[in-house]
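Enquirer: This structure is in structure tokens; I'll ask about it shortly.
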Amino acid sequence: MKRVGFTLNGKTTTCDVEENELLLHTLRERLSIASVKEGCSIGECGTCTVLIDNEPCYACLTLTAKVEGRDVLTVEYLAHADLLHPLQESFISHGAVQCGFCTPAMLLVGYSLLLKHRQPTDEQIREAMSGNLCRCTGYVQIIEAIKDAAPVFIHSGS
Ligand code: FES
Ligand code: FES
């Protein structure tokens, strides 16, 4: 076992993990973060996406040991108490949440994009989402939700 320390959703976290343990397993099984979904487990669907230092990464391909000292965000970071983040509100109002399986990852991808581009183009949104599959929405609602959240985007935690 190896002790790994990192920041998870703004809180200092330490965890004893196997040498080759994947972040997806650590988050779900050791830290009870069920929002990080296990889909394909081979880096194709994007449902396991988390942000590491604000960049989207597949937790199913990331060794937990590699996040030592880094900043990991999951969708739990976005809402505060009963208050949803404007991006989450926008997903709901645009019908961008259907079965919901891709939603935590899509929200994180959108959040990361809006940190870099406060008024992203459709092309930038499509590019940002290119590693994330959604079987339900046809992506249009998600694109509209991200675009409409841009004017009221607040960097959660700032
Ligand atoms: S579960 Fe990680 S990309 Fe599919
Ligand atoms: S809402 Fe069902 S997979 Fe995206």
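The values are calculated or read from the model by the stated rules, or taken from the named source; none is laboratory data. Owing to the predicted nature of the structure, the values given are computational and were not obtained by experimental measurement. Glycine gets a Cβ as well: all are built from the backbone with ideal geometry, and neighbour counts include every protein chain shown.
Enquirer: What pairs can you find where one residue is in region 82-100 and within 22 Å of Gly39 (Cβ to Cβ), the other is within 15 Å of ligand 2 (Cβ to nearest atom) and of a type in the set (Phe, Trp, Tyr), and their Cβ atoms are less than 8 Å apart, with a gap of 6+ or different chains?
Expert: Between residues of region 82-100 that are within 22 Å of Gly39 (Cβ to Cβ) and residues that are within 15 Å of ligand 2 (Cβ to nearest atom) and of a type in the set (Phe, Trp, Tyr), the close pairs are Val97/Phe91.
Enquirer: Can we say Gly39 is exposed (fewer than 14 other Cβ atoms within 10 Å of the Cβ) and in the same structural domain as Lys11 (by TED's automatic domain parsing)?
Expert: Judged against the criteria, Gly39 is not a match.
Enquirer: Given the conditions (1) surrounded by fewer than 16 Cβ atoms within 10 Å (Cβ to Cβ); (2) away from ligand 1 (no atom under 12 Å from the Cβ), and given that Leu61 satisfies all but one, which numbered condition is not satisfied?
Expert: Only one criterion in (1) surrounded by fewer than 16 Cβ atoms within 10 Å (Cβ to Cβ); (2) away from ligand 1 (no atom under 12 Å from the Cβ) is unmet by Leu61, namely (2).
Enquirer: What is the residue count in region 130-158 for residues that are under 24 Å from Ala59 (Cα atoms), free of Cβ contacts under 8 Å to residues at least 40 places away in the same chain and in contact with a helix residue (DSSP H, G or I) (Cβ under 7 Å, 6 or more places away or on another chain)?
Expert: Summing the residues that are under 24 Å from Ala59 (Cα atoms), free of Cβ contacts under 8 Å to residues at least 40 places away in the same chain and in contact with a helix residue (DSSP H, G or I) (Cβ under 7 Å, 6 or more places away or on another chain) in region 130-158 gives 3.
Enquirer: Also: Within region 113-140, restricting attention to residues that are surrounded by 19 or more Cβ atoms within 10 Å (Cβ to Cβ) and in a helix (DSSP H, G or I), which residue is nearest to ligand 1 (Cβ to nearest atom)?
Expert: Filtering first and then ranking leaves Met129.
Enquirer: Report, by residue number, each residue of region 7-34 that is surrounded by fewer than 20 Cβ atoms within 10 Å (Cβ to Cβ) and in contact (Cβ under 8 Å) with a residue 60 or more places away in the chain.
Expert: Residues satisfying the conditions are Thr7, Asn9, Gly10.
Enquirer: Shifting gears a bit: Which pairs have Cβ atoms under 8 Å, sit 6 or more apart or on different chains, and link a residue in region 111-124 that is closer than 16 Å to Glu55 by Cβ to one that is of a type in the set (Asp, Glu)?
Expert: The qualifying pairs are Ser112/Glu55.
Enquirer: Got a number for residues in region 141-152 being surrounded by 21 or more Cβ atoms within 10 Å (Cβ to Cβ) and more than 15 Å from ligand 2 (Cβ to nearest atom)?
Expert: Qualifying residue count for the region: 1.
Residues checked against (1) touching a Cys at 6+ places or on another chain (Cβ under 7 Å); (2) away from ligand 1 (no atom under 16 Å from the Cβ):
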residue	(1), (2)
Val36	yes, no
Lys66	no, no
Asp71	no, yes
Gln88	no, yes
Ala96	no, yes
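Enquirer: State the number of residues belonging to region 82-99 that are closer than 16 Å to Cys136 by Cβ and surrounded by 14 or more Cβ atoms within 10 Å (Cβ to Cβ).
Expert: Number of matching residues: 6.
Enquirer: Looking at region 36-48, can you tell me whether even one residue there is hydroxyl-bearing (Ser, Thr, Tyr) and assigned to a loop (DSSP other than H, G, I, E, B)?
Expert: yes
Enquirer: Mind counting the residues in region 18-63 that are out of contact with any Gly (no Cβ under 7 Å at 6 or more places or on another chain), of a type in the set (Val, Ile, Thr) and within 16 Å of ligand 2 (Cβ to nearest atom)?
Expert: 2
Enquirer: Across region 64-103, what is the total count of residues that are part of a loop (DSSP other than H, G, I, E, B) and within 16 Å of ligand 2 (Cβ to nearest atom)?
Expert: 9
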